Amino acid sequence: MLPALVLLHGFTQTRQSWRRTAQALAGRYRAVAPDLPGHGQANHRTASFDACAAYVRALAPARTFTLVGYSMGGRIALHSALTLGPEIVTRLVLIGASPGLADPAERAARRTADDALAARVETLTIEAFAAEWGAQPLFADQPPLVAAAANADRLRNTPSGLASALRGLGTGVMEPLWERLPQLAIPVTLVVGERDGKFLALAEAMLVQLPNAQLVTVPGAGHAAQLEDPEAVAEAIHQSGSPSSSASA
């Protein structure tokens, strides 16, 4: 029987964002890519980190599985791995992800900003917010086809669902996990796009704290590496998980 794999998308995405990566992994895993609370067909679900951990476990195709998360989904994956334990999550892959904000003042400021954005989202159409979100510098220089596909995926959401996700799953509301990273004895692969300087620095800092981790950079890719080069990300997911200081896809 093929090993089980759970793929968690980022904020404003849906399970469809994993389609090409899952295709590249076909025949090697039993992959499940759920819509996270506040997104897609799960827009009505309670958006909280603990609720997501229970949701992931319930939807996993086997008792033990590899857990993969991108951006917001990476923060959820990290929280879920620590919550569920190594008897359930046997390997972790984090793509463009962070363990949260360690500084309380910075975290409080981010929560205020997320709450304000959530209130603003509720006044907009999904088309207007999707365009606004995609125009961020974080997604600059995405190939036109990638940007168009990402925008089409955002349109599968609702303003109320995304507002709920911001309030329940935003970086400001997340308890920082930096001090808990040494507890993760399972293999962890940190995947970052070569052009994603902010998250590359975060991954390098995480690498120091994780006891069994490796860093994979995806050449030429930005923040959403799984959208820009799904085959390279699929190969990173498929790696054995043996620790090393750095690697390139």
Do any residues in the stretch 164-186 that are farther than 13 Å from A118 by Cβ and without any contact (Cβ under 8 Å) to a residue 60 or more places away in the chain have Cβ atoms under 8 Å from those of residues that are crowded, with 21+ Cβ neighbours inside 10 Å and not aromatic (F, W, Y), where the two are at least six apart or on different chains, and which pairs are they?
P182/L210
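Within the stretch 212-226, is even one residue out of contact with any Lys or Arg (no Cβ under 6 Å at 6 or more places or on another chain) and on the phi > 0 side of the Ramachandran plot?
Filtering the stretch 212-226 for residues out of contact with any Lys or Arg (no Cβ under 6 Å at 6 or more places or on another chain) gives 212-221, 223-226.
When the remaining residues are screened for being on the phi > 0 side of the Ramachandran plot, the result is 220.
Scanning the stretch 212-226, I find at least one residue that is out of contact with any Lys or Arg (no Cβ under 6 Å at 6 or more places or on another chain) and on the phi > 0 side of the Ramachandran plot, so the answer is yes.
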Grab the helices (runs of 4 or more DSSP H) fully contained in the stretch 1-106, keeping just those with 3 or more residues being closer than 24 Å to R180 by Cβ and under 11 Å from the mean Cα position of the chain (by Cα).
72-84
Can you go through A77, A53, A116, A47 and tell me which one is among the aliphatic types (A, V, I, L, M) and modelled with pLDDT under 95?
A47
For the stretch 119-166, give me each residue that is among the hydroxyl-bearing types (S, T, Y) and closer than 26 Å to T21 by Cα.
T158
Taking the stretch 48-70, which residues are surrounded by fewer than 24 Cβ atoms within 10 Å (Cβ to Cβ) and within 14 Å of A165 (Cα to Cα)?
S48, F49, D50, A51
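The values are calculated or read from the model by the stated rules, or taken from the named source; none is laboratory data. Computed from a prediction, not measured in an experiment: that's the story for all the values here. Note that we place each Cβ from the backbone using ideal geometry, even for glycine, and neighbour counts take in every protein chain shown.
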